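Presented below is the structure to which this report refers.
The values are calculated or read from the model by the stated rules, or taken from the named source; none is laboratory data. As the structure is a prediction and not an experimental result, all values here were calculated from the model. Because the Cβ atoms are built from the backbone with ideal geometry, glycine has one as well, and the counts that use them run over all protein chains shown.
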Amino acid sequence: MIQDRYTSSIAEKVHIVSATWVIVLAAIIFIDVMGRYLFSTPLLGASEIIKNSVVSITFLQLPLAIYRGGMIRTTLIYDLVGVKVQKYLKALMYICGFLFFIGTVVSSIVPAQEALLVSEYEGEGALRVPTYPVRFLIIFTSIFAAWVYLKLFLQDLREDNL
């Protein structure tokens, strides 16, 4: 399925970043829980870091999941139809995925710019986490996810014409 090694390599590296981030997040949660249990003192800012990290990790994992065909889909209809209809359904899926992520980009640009301009932060007190890095990460990973859907669509078109 993966023929564009450059794009798939980037998707794999982004996925490694997200996997590493999950490990760091697990350590933060462990430290927070143990601090609460042993010393009655939570890790300051843990909830703000976790909130922003979950969104970031999810979006970082999307491009590789799309490449590997790991996005959630139902095969109820897909398995009942012939090969020709399956190709059309797959093309429709690629187009819908592309449009969804382009829509995500378009709807996220203004909030990301505003978050940067007004220095929007999450949390109060000891640790305040800026929101603009996560907002821009959503934009960039959505652009990449749309690109992956487009590449897969074009790849299927080329294979059908050969």
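Any idea which residue in segment 55-74 is surrounded by the most Cβ atoms within 10 Å (Cβ to Cβ), counting only those that are aliphatic (A, V, I, L, M) and free of Cβ contacts under 8 Å to residues at least 24 places away in the same chain?
At the first step, the residues of segment 55-74 found to be aliphatic (A, V, I, L, M) are 55, 57, 60, 62, 64-66, 71-72.
Checking which are free of Cβ contacts under 8 Å to residues at least 24 places away in the same chain leaves us with 65, 72.
On the way: ALA65: 16, ILE72: 5.
Checked segment 55-74; the qualifying residue surrounded by the most Cβ atoms within 10 Å (Cβ to Cβ) is ALA65.
Can you tell me which residue within segment 107-143, out of those that are more than 30 Å from GLU159 (Cβ to Cβ) and among the β-branched types (Val, Ile, Thr), is modelled with the lowest pLDDT? Give the steps one after another, and end with the answer.
The first filter runs over segment 107-143 and keeps only residues more than 30 Å from GLU159 (Cβ to Cβ), leaving 107-139.
Then keep just the ones that are among the β-branched types (Val, Ile, Thr); that gives 109-110, 118, 129, 131, 134, 138-139.
Values: ILE109: 97, VAL110: 97, VAL118: 96, VAL129: 85, THR131: 91, VAL134: 94, ILE138: 96, ILE139: 97.
Filtering first and then ranking leaves VAL129.
Would you be able to say whether some residue in segment 2-9 is surrounded by 14 or more Cβ atoms within 10 Å (Cβ to Cβ) and assigned to a loop (DSSP other than H, G, I, E, B)?
Keep residues of segment 2-9 that are surrounded by 14 or more Cβ atoms within 10 Å (Cβ to Cβ), which gives 2, 4, 7-8.
Next, from what is left, pick out any that are assigned to a loop (DSSP other than H, G, I, E, B): 2, 4.
Checked against the condition, which is being surrounded by 14 or more Cβ atoms within 10 Å (Cβ to Cβ) and assigned to a loop (DSSP other than H, G, I, E, B), segment 2-9 yields at least one hit.
Any residue at all in segment 75-98 that is modelled with pLDDT of 95 or more, among the aliphatic types (A, V, I, L, M) and over 15 Å from ARG135 (Cβ atoms)?
Within segment 75-98, one or more residues are modelled with pLDDT of 95 or more, among the aliphatic types (A, V, I, L, M) and over 15 Å from ARG135 (Cβ atoms).
Of the residues SER9, SER18, which is polar (S, T, N, Q), closer than 26 Å to PRO133 by Cβ and more than 15 Å from the chain's Cα centre (by Cα)?
On the way: SER18 fails: more than 15 Å from the chain's Cα centre (by Cα).
Testing whether each residue is polar (S, T, N, Q), closer than 26 Å to PRO133 by Cβ and more than 15 Å from the chain's Cα centre (by Cα) leaves just SER9.
Looking only at segment 21-54, which residues are hydroxyl-bearing (Ser, Thr, Tyr) and over 27 Å from the mean Cα position of the chain (by Cα)? Spell out how you get there, then give the answer.
Our first condition is that a residue be hydroxyl-bearing (Ser, Thr, Tyr); within segment 21-54, this holds for 37, 40-41, 47, 53.
Correct list: TYR37, SER40, THR41.
Could you give me the residue pairs with C-beta distances under 6 Å whose first residue belongs to segment 24-45 and is more than 21 Å from ILE57 (Cβ to Cβ), whose second residue is among the aliphatic types (A, V, I, L, M) wherever it lies, and which are 6+ apart or on separate chains?
GLY35/LEU43; LEU44/ALA126; LEU44/LEU127
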